[in-house]
Amino acid sequence: MAKKATEHSRYESRYGGGWVAPQQILAEVMCERQAAKEKTSLPAKFWELPRWKKIFLLQLRLALKLLEKHHPSVISRAIRSPEGKKVFSFGAPFFKDVLAREQEKYDAEIASLAAAPPPPPPDPIVNDQTPRPDFIPRRSLRSKLEDFERE
């Protein structure tokens, strides 16, 4: 886990692991869901605890398999979809259907972006207002008294 964001580690861990790769953040989300289901919370660096280590590594391997076929944003959309909110493991059999639907949507978006012409450049901003006059502070009572004492 990286101390700084890189091309490979571009997601910040919610559990004190620094910057992590897509498969690690996805595994964290699944462990978070399992903890919420059990009505517990995950401590910092929970993957080092014996109870969570096995679960985290399993979800990490499953996430890596999914990332071979799908973009991270497709998987993220799938687990945030209404059907995907019921998923507590990437190994769930019905999750493949959810992923397939999200992949179709993603492919359609990419195709429409490729086919659409680029947006026109924005119009330049015209400033019709006259500038405000410079701020000239008034002399305070104290400064007037100090000037009076110097005289």
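The values are calculated or read from the model by the stated rules, or taken from the named source; none is laboratory data. Nothing here was measured: the structure is a model prediction, and the numbers come from that model. Glycine also receives a Cβ, built like all others from the backbone with ideal geometry; neighbour counts cover every protein chain displayed.
Okay, here's what the table says:
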| quantity | calculated |
| --- | --- |
| Odd one out for TYR15 among (1) assigned to a helix (DSSP H, G or I); (2) touching a residue at least 12 places away in the same chain (Cβ under 8 Å) | (1) |
| Criterion (in contact (Cβ under 8 Å) with a residue 60 or more places away in the chain and in contact with a helix residue (DSSP H, G or I) (Cβ under 6 Å, 6 or more places away or on another chain)) met by exactly one of LEU42, LEU26 | LEU26 |
| Region 97-115, residues that are surrounded by 12 or more Cβ atoms within 10 Å (Cβ to Cβ) and not acidic (Asp, Glu) | VAL98, LEU99, ALA100, ARG101, GLN103, LYS105, TYR106 |
| Elements of type helices (runs of 4 or more DSSP H) in region 57-151, at least 2 residues being among the basic types (Lys, Arg) and in contact with a helix residue (DSSP H, G or I) (Cβ under 9 Å, 6 or more places away or on another chain) | 95-115 |
| Lone qualifier among ALA27, ALA2 - being among the hydrophobic types (A, V, I, L, M, F, W, C), at pLDDT below 95 and closer than 28 Å to ASP97 by Cβ | ALA27 |
| Among residues of region 15-46, those that are surrounded by 15 or more Cβ atoms within 10 Å (Cβ to Cβ), closer than 21 Å to LYS86 by Cβ and aliphatic (A, V, I, L, M), counted | 7 |
| ILE110 vs. criteria β-branched (Val, Ile, Thr), out of contact with any Ser or Thr (no Cβ under 9 Å at 6 or more places or on another chain) and within 30 Å of ARG77 (Cβ to Cβ) | yes |
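Residues are listed down the side, and each one gets a yes or a no for (1) more than 20 Å from the chain's Cα centre (by Cα); (2) under 19 Å from TYR11 (Cβ atoms):
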| site | (1), (2) |
| --- | --- |
| TRP47 | yes, yes |
| LYS53 | yes, no |
| GLN103 | no, no |
| PRO119 | yes, no |
| LEU141 | yes, no |
